[in-house]
Amino acid sequence: MSTRVDWISHPAGPLRGDVVVPGDKSISHRAIMLAALAEGISHVSGFLEGEDTRATAAIFRAMGVAIETPSASQRIVHGVGLRGLAEPGAALDCGNSGTGMRLLAGLLAGQRFDSTLIGDESLTRRPMFRVTGPLSAMGARIESGEGGRPPLHIRCASGLWGIRYTPPVASAQVKSAILLAGLYADGDTEVHEPHPTRDYTERMLAAFGWPIAFEPGRARLSGGHHLRATDVVVPADFSSAAFFIVAATLVPDSRLLLRAVGLNPRRTGLLAALRLMGADIREHDAREQGGERVADLEVRHARLRGIEVPVEVVPDMIDEFPILFVAAAAAQGTTTVRGAAELRVKESDRIAVMAKGLIELGVRVEETPDGAVIHGGRLRGGVVDSAGDHRCAMSFAVAGLIAHDAVRIADCANVATSFPGFVEITQSAGFLLNAVAPD
Ligand code: S3P
């Protein structure tokens, strides 16, 4: 685990310049997983050098997959084929990563060896029944810790069979776990989602040559095929760009250009919400990169007004609520978020952590079980706690830009899970953000 670090974010601006954020976390995890199980050598470029995605790479190394790092953000993966993983000698540590653990649970359920998945304190609190339940219905043998939480002990199963499953909550992690187990199952595996979620697993399976039928909200595949090595180009992570999109919107006279940002429609709900609030975000040079739509985003300062966030857009911005809360705190009027109870089981309870921090900064926020009501106004300085949640830490750093005085943010080391180099990149764009030792 990283050593503890606090940040101090000072009022600053205007923000100017070109920003390139690191590679997409979701795609980086999946690229390593599928390349490891493919036949042949795959090159992954734009790989996120974050703690979460490196933990996934280390797990495959521990199962005998050779993964070279010719340079930063590049990986060469020597695939071992669907049945080529070796039994690991120790528990596999997913660190802070829910994506790592849930997808691996599906993939390991089909192996002919036992394995154990563990994680850090935050991950050990997160619900896993949402994957172990349907995987058990496919024939997997998984024992979990108290309350269905990690560690997960995955026993060698005598065989898996396909299922047709509708997850009770919209979750790309659950869908992906089932589809990955489906690679090892007899017959068809089908997932029908209550709301379409990010489709990276489906797209990447197709790119690696696995026959799969999918459309928004539905995916179906059968076991018994092969994955063929292919090269993966990982676009910049929209969720990392989101902090700069909101920062440039909030700070007067700002203009930032965010280069080659991944714009998968299941990820960009924040753009819809911010545009409803009055943001000025323009897309330039929209193009395809590695099968994903990317564009350069030009963001200029704009005054925001409060909105009711449309519930149908919630799954498409599920990782962006911490930063949306900051935008809402600075907007004129009231913003209401509903239908987002999932936020309570992310890396932290994001509704509680953001509400507490913003209240500390003088904002009126009322929590509800599945969202919050945020009354926009002026932010004052103060001390807030990110609760070790990377996205809350980065959101409070943006709040510090527009607060009346400096904002001190406790417990920021986990930003390295998804956004290595955040402090340096923000500084180059005009933030006055510094890392300091905790008191
Ligand atoms: C992810 C899916 C989402 C998201 C997470 C990454 C993925 O989680 O919040 O950051 O890579 O599949 P859920 O599936 O729990 O909604």
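No value in this document is a laboratory result; all are computed from the given coordinates. Here the structure is a predicted model, which means the values were calculated and not measured. Because the Cβ atoms are built from the backbone with ideal geometry, glycine has one as well, and the counts that use them run over all protein chains shown.
Of 184, 200, 165, the sequence from fewest to most neighbouring Cβ atoms within 10 angstrom is 165, 200, 184. The magnitude of the dipole of segment 25-233, with charges of +1 and -1 set on the Cβ of Lys/Arg and Asp/Glu and taken from the Cα centre, is near 240 debye. Across segment 1-34, the residues whose backbone nitrogen lies under 17 Å from the label position 7 Å along the beta-carbon direction of residue 74 are 23. Amide H contacts under 5 Å for residue 368: 373, restricted to partners 5 or more places along the chain or on a different chain, H placed in the peptide plane at 1.01 Å from N. Under 1.5 on a/c is rounded, so check that first for segment 25-233, then, if it is not, pick prolate when a/b is larger than b/c and oblate when it is not; a ≥ b ≥ c are the square roots of the alpha carbon gyration tensor eigenvalues. The shape class here is rounded. Contact order for the chain, expressed relative to its length and based on alpha carbon pairs under 8 Å spaced 6+ residues apart, stands at 20 percent.
The mean sequence separation of alpha-carbon pairs under 8 Å and at least six residues apart, normalised by the residue count of segment 25-233, gives a relative contact order of 21 percent. A simple packing score, the average count of other Cβ atoms within 10 Å per residue, orders the peptides 174-181, 261-268 as 174-181, 261-268, with the highest score first. Take the Cα of residue 116, step 7 Å toward its Cβ, do the same at residue 137, and the gap between the two points is 2.9 nm. Within the chain, DSSP assigns beta bridges of which about 75% are antiparallel (rounded to the nearest 5).
Our note on the geometry: Cα centres of segment 402-418 and segment 51-73, 28 Å apart.
For residue 219, neighbours were defined as the other residues whose beta-carbon sits under 13 Å from its Cβ, and their charges (Lys and Arg +1, Asp and Glu -1) total +1. Here r is the Cβ-Cβ distance between residue 86 and residue 288 and R0 is 25 Å; the resulting FRET efficiency, rounded to 0.05, is 0.10. Stokes-Einstein diffusion for the chain at 20 °C, viscosity 1.002 mPa s, with a Kirkwood radius from C-alpha pairs, works out to 98 µm²/s.
Counted by neighbouring Cβ atoms within 10 Å, the residues 156, 392 run from fewest to most as 156, 392. When the Cα positions of 160, 3, 27 are compared along the charge dipole of the chain, 160 comes out farthest toward the positive end, with charges on each C-beta of Lys, Arg, Asp and Glu. Between residue 359 and residue 192, the FRET efficiency estimated from the beta carbon spacing at R0 = 45 angstrom works out to 0.70. Within the shell of other residues whose beta carbon sits under 14 angstrom from the beta carbon of residue 286, the net charge comes to -2, with Lys and Arg scored +1 and Asp and Glu -1. Computed from the Cβ-Cβ distance with R0 of 41 Å, the FRET efficiency linking residue 300 to residue 370 stands at 0.80. Distance from the Cα centroid of segment 169-237 to that of segment 241-262 is 32 Å (rounded to whole angstrom). Packing here is the average count of other Cβ atoms within 10 Å per residue, and on that basis the peptides 248-257, 111-120, highest first, run 248-257, 111-120. Averaging Cα coordinates gives a centre for segment 111-154 and one for segment 2-32; these two points are 30 Å apart. Each of the peptides 49-59, 24-34 was scored by the mean count of other Cβ atoms within 10 Å over its residues; in descending order, highest first, they stand as 24-34, 49-59. Of all DSSP beta bridges in segment 25-233, what percent run antiparallel (nearest 5)? Roughly 75 percent of the beta bridges in segment 25-233 run antiparallel, per DSSP.
Amide H to amide H distances under 5 Å link residue 432 with 10, where only residues 5 or more positions off or on other chains count and H is placed in the peptide plane.
Remark: 75, 164 ranked as 164, 75, counting other beta-carbon atoms within 10 Å and listing the fewest first.
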